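So the structure is just underneath, and the comments pick up after that.
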Amino acid sequence: MKICGLQKTTLLDFPGHVAATVFLNGCNFRCPFCHNGDLLSDSAPGLMTEGELLDFLKKRRGMLEGVCITGGEPTLHLELEALIRGIKELGYLVKLDTNGYRPAILKSLVEKGLLDYVAMDIKAGRARYGEVAGRPGLDIGLIGESADFLLHGTLDFEFRTTVAKELLTADDFEDIAVWLDGCPKYFLQNYTDSDQVLMPGLTGCTKDELLTFASILRPHMGTVELRGIDY
Ligand code: SF4
């Protein structure tokens with residue numbers, strides 16, 4: 001299996017754990033705010049093989065606690081389960097980042113006890129989901145199926161939304177609040193610009209704008225926190 005990127009140490013990606021982050025290529029969405037445009041294609045260059053990654057992780061036992069698997073969209077890869085099994089056999093906790101569009105894969109991994117934490121993106125309110133995910137006409141039912149599975153399960157998880165000023169409004173958060181009512185942990189991540197972004201020209205929100213969106217979610221969620229902005 002092709003590993004397209006590796007962050008050898010992160011204190012941020014896996015809440016509460018020192019981790020490494022592994023990047024897989026390919027994605028079924030084209031979010032305008034995506035920073036990983038170079039990873040979206042099936043032909044994105046590989047950095048290392050799965051065997052080389054496992055060798056690296058073997059040497060880091062005792063220094064790292066967990067491995068985050070991100071992308072792109074990891075659930076597109078048939079070999080994902082085998083990769084996770086290899087990582088867990090080394091004693092690591094595994095966190096999966098997903099856009100939630102392949103609920104059957106997510107459920108299968110969770111039910112087999114292969115995941116310790118999931119971070120699922122929520123791109124927008126239901127009415128504008130396809131537009132904000134860069135995939136008009138997507139099946140919002142698949143996103144809902146993944147979200148429901150996490151909301152009614154026992155696995156530790158978070159929902160998170162990247163907020164670009166031009167893409168989301170209070171209406172999106174009014175809908176998310178009702179749709180995902182009961183979510184224990186929700187994060188609003190302020191958009192930050194970069195050369196890699198799919199649609200140049202987007203901007204982040206002010207702290208007050210993010211706090212307004214957070215206040216819409218709070219009555220419905222356990223906690224709502226901001227990332228990418230100082231309180
Ligand atoms: S932000 Fe995530 S879901 Fe959206 S295009 Fe990028 S990798 Fe895919």
Checked region 142-184 for anything assigned to a loop (DSSP other than H, G, I, E, B) and either on the phi > 0 side of the Ramachandran plot or crowded, with 19+ Cβ neighbours inside 10 Å (or both); matches are ALA164, LEU167, LEU168, LEU180, GLY182, CYS183
Pick out the one residue from VAL22, VAL94, VAL110, VAL118 that is within 16 Å of the ligand (Cβ to nearest atom) and under 21 Å from THR154 (Cβ atoms). VAL118
Could you tell me whether region 39-56 includes any residue that is touching a Cys at 6+ places or on another chain (Cβ under 6 Å) and among the aromatic types (Phe, Trp, Tyr)? no
Every listed condition ((1) crowded, with 16+ Cβ neighbours inside 10 Å; (2) of a type outside the set (S, T, N, Q); (3) assigned to a helix (DSSP H, G or I)) holds for ARG85 save (1)
On the given criteria, is THR9 away from the ligand (no atom under 16 Å from the Cβ), hydroxyl-bearing (Ser, Thr, Tyr) and in contact with a Leu (Cβ under 8 Å, 6 or more places away or on another chain)? yes
Let me confirm something: among MET199, MET221, which residue is hydrophobic (A, V, I, L, M, F, W, C), within 16 Å of the ligand (Cβ to nearest atom), in contact (Cβ under 8 Å) with a residue 12 or more places away in the chain and under 18 Å from ASP121 (Cβ atoms)? MET199
Can we say LEU76 is within 14 Å of the ligand (Cβ to nearest atom), under 25 Å from GLY144 (Cα atoms) and open to solvent by 50 Å² or more (accessible area, probe 1.4 Å)? yes
Has region 40-54 got any residue that is part of a helix (DSSP H, G or I), open to solvent by less than 80 Å² (accessible area, probe 1.4 Å) and within 27 Å of VAL163 (Cα to Cα)? no
Subset of region 116-127 (residues that are open to solvent by 10 Å² or more (accessible area, probe 1.4 Å) and within 13 Å of ILE84 (Cα to Cα)): ASP116
Among the numbered criteria (1) surrounded by fewer than 18 Cβ atoms within 10 Å (Cβ to Cβ); (2) touching a strand residue (DSSP E or B) at 6+ places or on another chain (Cβ under 9 Å); (3) basic (Lys, Arg); (4) under 27 Å from ALA164 (Cβ atoms), which one does ARG30 miss? (2)
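The values are calculated or read from the model by the stated rules, or taken from the named source; none is laboratory data. These numbers were taken from a predicted model, which means no experiment stands behind them. Using ideal geometry, Cβ is built from the backbone for each residue, glycine included, and neighbour counts are taken over all protein chains shown. Accessible surface areas use protein heavy atoms only, side chains included; no ligands, DNA or RNA. Shrake-Rupley method; radii C 1.70, N 1.55, O 1.52, S 1.80 Å.
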